[in-house]
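Scroll down for the structure; my scribbles are underneath it.
The values are calculated or read from the model by the stated rules, or taken from the named source; none is laboratory data. The structure presented is a predicted model; accordingly, all values stated were derived computationally and were not measured. Methodologically, a virtual Cβ is constructed for each residue, glycine included, from the backbone with ideal geometry; neighbour enumeration extends over all protein chains shown. We work out accessible area using only protein heavy atoms, side chains counted, and drop any ligands, DNA or RNA first. Shrake-Rupley method; radii C 1.70, N 1.55, O 1.52, S 1.80 Å.
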Amino acid sequence: MERILTTPDTNIVAAQRRELQAGKQALKEAYLAGGKPATLLHGTVGLVDQTLQSIWQSLGMGPGLCLAAVGGYGRGELYPASDVDLLILLPDGATDTYQQALETLIGILWDIGLDIGHSVRTVDECIEEANRDITVQTALLEARFLCGNRVLYEHFDNDFHHNLDPQAFFKAKRLEQEGRYAKYNDTAYSLEPNCKENPGGLRDLQIILWVARAAGLADGWRKLADTIITSPAEARQLARSEDFLRRVRISLHLISGRREDRLLFDYQEGLAKALGLTATASRRASEVLMQRYYQNAKHVTQLNTLVLLDLGTRLEHRPAAPPIIIDNDFQMAHELLDIRADDLYEQKPAALLKSFLLLSQRAELKGMTPRNLRALWRARAHIDSGFRRDPGNQANFLALFKEKRGLTHQLRRMNQFDILGAYLPAFGRIVGRMQHDLFHVYTVDQHILQVVRNLRRFSLPEFAHEYPYCSRLMLAFPERWRLTVAALFHDIAKGRGGDHSQLGKVDARRFCRTHGIGEADTALICFLVEQHLTMSAYAQKQDLADPEVIRRFAGIVGTEERLTALYLLTVSDIRGTSPKVWNVWKAKLLEDLYRMTRRLLSGENHAPLSGLEERMEDARRLLRLRGLRPGVETTLWEQLDTPYFLRHDSEEISWHTLTLYYRPDNPEPVVRSRINPAGAGLQVMIYAGDQPELFARICGFFARLGYSIVDAKIHTTRHGYALDSFVLLDTGNQLPYRDMIGLIDHDLTEHLKKQAPLLPPPQSRISRQVKHIPWTPEVSIRADESSKNYILSVTAADHSGLLYAIARTLANHHVRLFTAKIDTLGERVEDTFLISGSELGKTATLIRLEQELLEVLHV
C-alpha cells in the first residue's frame, strides 16, 4: 500500500516559495542585463521542473502516478506570466484512490506561486479526449516526462503517437488557423495586435513545428531545413522572427506584471524602451517599435504560408499527376497556380501581375504553389518605373478590379509579398503606418483593404442580410469597380502632412490618367477620394432637419450617382475603422441623409430604383396579368426582406405570391411543384412554419427520390416561416417530371407534417468526371458582421445526396439555417449558408463541425 502525505508541511511550502521566487528574480535580472530570450524561457522551465520534482518527492506521491509537462511548458518554454500546464496520469481505475493526494499536490503548487493548469486522466482518457479536441491533442503532442511512473508515461506516449494521424492533425490545425485569422479579421496589422494569437504572431510559428513534430519530421528550425521543407535562409529568418516575438512577449509580461499578450498603447512606449528602440526625427519610439513588429509579422505570415503548403504536400501523399498547362507561362499543380520556369518573372516581369489576375479569373485555382510564391518574393525588385509605365501591366492591374471575384484576396496577397507597394509606391509608403486616433484599429494599408472588402461584400448575395439597403444600391450601381479604385486611394496620402483627401485626389487622378480610365469615371473616382469624409461629417455634425443643410450637401454631390457612390464608400469606410465604431445610430443618420438628398436631387419625385425595385414592379405586373387586384401582395411581402427579393427573379416572386397571398399564416405546410420555367427539371416551393431539421428533412426526401438538387434558395420570413425553393434534376431518368408533380406535392406535405427522424444519407453516386478530376473540398465558417450568425461556405465535387449530407450534419449539431444559396457549376457545388447555433462560438465545436462536413464532402 502506497503511503502518501495528505497534509503539507508548511515549512516545505514556504521554502519552495522562496526558492522559486529567488530563482525567477535571478533569471529576470540576467535577461534584463542582456540575456537571450531562450535562456530565460528554458531557465524558467528548468527551475519549475526542479520545484515540481522536489514537491512530488516530498509528498511521497508514490510510483503508481506520473507527472508530465504539456503545452508550452512541455515544449520547454515558460514566459514570466505563463501558466504551468500539467498532466497527471493515473493507472486505470485509480481515480478515487489518489483524489485526496492530488488535491493536496495542487493546493501546494498554487500556494508556492505557480499558475497551474492541470488535467487528471488515465491513458485511455487522454487518447479519447485527444481524438475529440484538437486543442487537447496539440497540448499532449508536446508532453514531457517530469517524475513518477515512467513506464506509465511511455505507455501513454506510445499510444498517443500510435493514434496520431499526421494528415488529419494538419487539416485540423489549418482549420483552426483559419478560424483564428477570421477572429482577427485576417490581418496582422491591427494597432494593438496580440503577439501570440494575431496573424503573424507566435501561433503562426508554433503551428509549423506542431505539424512537423506530428509528422515526425522536425522539432526545430534547423532540423526543418535539413528535411528540405525550408531553405537554410528561411530557417534562419524563422529563428530571427521567433526571437523577436519572444522578446516582445517577455517584455509585455514584465511591464504589465501579468499574462498580457496585446501590444496595447499603454505599453508600447515602455516596450520600445525595453527592446532598445528610440525615437527618430519623424517617429516616436512606439511607432519605430510597431513598424518593426509589422515587418516581422509580414515575414512570419509569408513563411507560414510557404512552409504549411510544403508540409501539406508532404503529408497529403497526393498521387503523381502531370500539371495542367494554362498557357506558356503558367500551369496548375494540384489546384495551385505554378510557374513553368523558375526564372519566369526575371525573364518576363509582366507575368507578375498576370499571376494574380489568373487567380481571380479561374475558380479552380485555390492559391499559389510555394515555388511560385518564392519566385514572386524574389522578383518584386523588378517592379520599377519602367514596369509601372508598361501598358500591359497597367491593363492587368486595372483588370483585377473589374473581375467579379477575388479582388480582396489578391490585394492582400500582393501586399503580403510587397508587390502592391512596389507597383503603387504611394501605397508602399503607408504599409504599416499607424493611425493614432480613437477609432482606427488597423494600420492605414489594412484599413484601406478592409474598406475594399466591405464594398465588395455589398455585391454578394450571401452578405445581403448584413446591410440590405446597401446591397440594394450596389446591385443597381453601374461599373462598381470605380468604387473599389476610389477605396484604394481614399487614405493613401495619410502621413504626408497636409490634407490627405486633396493629396490622395492628386494620386488618384494620376493613376486614372496612366491607366487609361475615361474622363467621367476619373471624375467620379477623384470626387470620392476628395469628399470621402464629407458625408460622415454632415450626417453626424449637422442638423439634418434643416433643409439648408440638405441643400448644401446636395450641392456638393451634384448627382444621384455620386450620392449613391459616396454613401456606399462612407458606410464601408466607417465599418473598416473598427468593429466598435459602426452602430445603428450612425447607420440611421447616414441613411436619412442619403434618402433626403436623393429626394431633393430627383426633384421630390423619387425615381424607381433599377434592379430590385424594378424586379418587384415586374412581379406586380405579372400578378395583374394573372387576374389579381393591386395590393393583394402587400400582406405577404411585408414579411419578406431585401435578401428574398435579391435572390428571386420577378417570375418566381409572382409564383410564390400567387400561391401564398391569401394564406401567409397557413398552419400546415404548403408544397407546390411545377416544370422549371427556366430550364430542365422540376421547381418545388415549400412554405411552412419553421421547424427543427426542416431543411435536412426536405433534402432527405428529394435524395430518397433520386433527385439531384441543382439550385436551392432558402429563406426565413420575418414572422418565422420557411419559404424555400428548389430546382431538381432526375439524373436517372426514372419518370417524366410532369408525372411526379402530384406525388411530390402530396408526399412531401405529409412528410413535413410527421416530422419523422432523419435517416442516414443514401449511397452516393459520383460522375465519371469527378472520379478522374478530383476536387478537394473546402469548408469555411466565419462570423458575420453582427457576430451572432455565421457564414458557412462549402465547395466540393457534386454527388447525389450531397446537400442532404450537409444538412443532416448541421442538424446533428443543432445548427439553425436562415438562408442558403446553392450553386451547382457543372460538377462542382459552391454553397453558402447563413447559420446560427449556441455552440458555434466555441472553437472546438467549429473545428469539429468543419471536420465532419469535410468527411461527408469527400467522395
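Here the chain is treated with +1 on each Lys and Arg Cβ and -1 on each Asp and Glu Cβ, and its dipole about the Cα centre works out to around 2240 debye. Ordering of 628-636, 697-705 by packing is 697-705, 628-636, highest average first (other Cβ atoms within 10 Å, averaged per residue).
Overall, the ratio between the Cα radius of gyration of region 221-292 and 2.2 N^0.38 Å, rounded to two decimals, is 1.36.
Maximal additional length on extending the Arg738-Thr97 stretch stands at 223.6 nm, based on 0.36 nm per residue less the C-alpha distance. A cut-off under 13 angstrom between Cβ atoms defines the neighbours of Ile255, and their net charge, with Lys, Arg +1 and Asp, Glu -1, is +3.
If R₀ is 60 angstrom, what is the calculated FRET efficiency for the pair Glu750 and Ala30, using the beta carbon separation as r and rounding to 0.05? All intermediate terms of the calculation are to be shown ahead of the outcome.
Working: r = 78 Å, r/R0 = 1.30.
Once the sixth-power term is evaluated, E becomes 0.15.
One decimal place: the segment Lys842-Asp592 gains 86.2 nm when fully extended, by the rule 0.36 nm per residue minus the C-alpha distance. Which one, Leu164, Thr230, Val123, projects farthest toward the positive side of the charge dipole computed for region 115-243 from Cβ point charges (K/R +1, D/E -1)? Among Leu164, Thr230, Val123, the one farthest towards the positive end of the dipole of region 115-243 is Thr230. Surface composition of region 257-337: carbon plus sulfur atoms contribute 52% of the solvent-accessible area (1.4 Å probe, protein chains only, all chains present). Share of region 155-227's accessible area from carbon and sulfur, percent, 1.4 Å? Carbon and sulfur atoms account for 43 percent of the accessible area of region 155-227.
Descending by average beta-carbon neighbour count within 10 Å, the peptides 418-425, 187-194 line up as 187-194, 418-425, the highest first. Report the gain in length on full extension from Ala399 to Leu759: 0.36 nm times residue separation, minus Cα-Cα distance, nm rounded to one decimal. Going from the current span to full extension adds 124.7 nm.
Residues whose amide H comes within less than 5 Å of that of Met368, counting only those at least five positions distant or on another chain, are Leu337 (H built at 1.01 Å from N in the peptide plane).
Quote the FRET efficiency, to the nearest 0.05, computed for Arg378 versus Asn131 with a Förster distance R0 of 51 Å and r equal to the Cβ-Cβ distance. The value I calculate is 0.75. When the surface is traced with a 1.4 Å probe over the full set of protein chains, Met368 keeps roughly 10 Å² accessible. Protection proxy ranking for 376-387, 842-853, using the average of other Cβ atoms within 10 Å per residue and placing the highest first: 842-853, 376-387. Label sites at Thr776 and Thr514, each approximated as a point 7 angstrom past Cα along Cα to Cβ, lie 3.7 nm apart.
For region 360-418, what class follows from the C-alpha gyration tensor (a ≥ b ≥ c being the square roots of its eigenvalues): rounded when a/c is under 1.5, otherwise prolate if a/b is larger than b/c, else oblate?
Numbers: a/c = 2.06, a/b = 1.12, b/c = 1.84.
Oblate is the answer for region 360-418, as a/c is 1.5 or above yet b/c matches or exceeds a/b.
The label-point distance for Arg236 and Gln167, in a model that sets each label 7 Å from Cα toward Cβ, rounds to 3.7 nm. Helix-only arithmetic for the chain: the sum of -39500 (n - 2.57) across DSSP H runs with n ≥ 4, divided by the residue total, places the mean residue ellipticity at 222 nm at -17000 deg cm²/dmol. Could you tell me what percent of the accessible area of region 1-118 is made up of carbon and sulfur, with a 1.4 Å probe and every protein chain present? Carbon and sulfur atoms account for 51 percent of the accessible area of region 1-118.
Zone of Arg340 (label point 7 Å along Cα→Cβ, backbone N under 11 Å): which residues in region 293-325? Once the point is set 7 Å along Cα→Cβ of Arg340, 324-325 turn out to lie under 11 Å by backbone N, inside region 293-325. Ranking Pro391, Thr577, Leu32 by Cα position along the charge dipole of the chain, where only Lys, Arg, Asp and Glu carry charges on their C-beta atoms, puts Pro391 farthest toward the positive end. Ligands, DNA and RNA are left out, and with a 1.4 angstrom probe the accessible area of the chain is 43 Å² per residue. Taking label positions 7 Å along the Cα-Cβ direction at both Asp266 and Arg624, the computed distance is 6.6 nm, reported to one decimal. Using a Förster distance of 25 Å, how high is the FRET efficiency between Arg318 and Asp226, based on the Cβ-Cβ distance and rounded to 0.05? E(calc), rounded to 0.05, equals 0.60.
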